[in-house]
1. Averaged per residue, what accessible surface does the range 105-168 expose to a 1.4 Å probe, in Å²?
2. Please calculate how many Å² of accessible area the range 52-102 carries per residue, with a 1.4 Å probe and no DNA, RNA or ligand atoms counted.
3. State the Kirkwood hydrodynamic radius of the range 62-206 in Å, one decimal place, computed from all pairs of distinct Cα atoms.
4. Of the heavy-atom accessible surface of the range 76-206 (probe 1.4 angstrom), what whole percent is carbon and sulfur?
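The values are calculated or read from the model by the stated rules, or taken from the named source; none is laboratory data. All figures in this text were calculated on a predicted structure; none of them were measured in a lab. Just the protein is used for accessible areas: all its heavy atoms, side chains included, with ligands, DNA and RNA removed. Shrake-Rupley method; radii C 1.70, N 1.55, O 1.52, S 1.80 Å.
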Amino acid sequence: MAVEEDTRRTPEPPAGPLTEAQVERMFADMNDVIRAGEEMRRLRAEMIRLFADLGWTQDRIARLTGMSQPAVSKQVAKHKGDDPSPPPRLSLDQHDTPWLEGRLWGLAEEISETLHDAAHCTRDVNAVARGRKHFTPQNVDELRRLVEADLRLHRTALPDGHRHAYDEISRALDTPAPSAATPTGSPSARRTLARQIQRTRLRDEA
């Protein structure tokens, strides 16, 4: 009983650059397209385990995902015996390709929402969000061209931070990533995290 009380009193760990509202929105986006297929189900399950590894309680994750606590517990327990991996870094300064693609995706979403129907990248952003487009080299190049066109044509309507973020992402995509340890998480999970953190950074800087 004492152990249970101690557990209940344990303070929630800080989320770092992500707030509960932002994580809830991220999971809501996944729930919106969960019917698209097994790929999104796997991604949601991985993200649940990832936040559990970061120290978020199962009750908290259940509330944010809209799932039951037993369902979350089942997802976490399914991989309990796997080799432990370090929690993912949540800083933008990472140079593996999926992370950079996620940053580009987040930037494109911010541009699309700011410019509404005037944004060239809106159609691609919607296609990616609904699972109709994947992050192939060709699709990433196309998204880069559309984002660059929006930044050029709507310079006065977009904050300077958008151009700075694009230049940083673009340079990194064109430069071989420095050799480093394999990042934690699948490419899909890393894109999803980078997308949300990039959007948070842009809004903080606006």
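1. Accessible area per residue: 55 Å².
2. Numbers: 2880 Å² over 51 residues.
Here the residues of the range 52-102 average 56 Å² of exposed surface.
3. 16.5 Å
4. Numbers: 3630 of 7280 Å².
Ligands and nucleic acids excluded, carbon and sulfur reach 50 percent.
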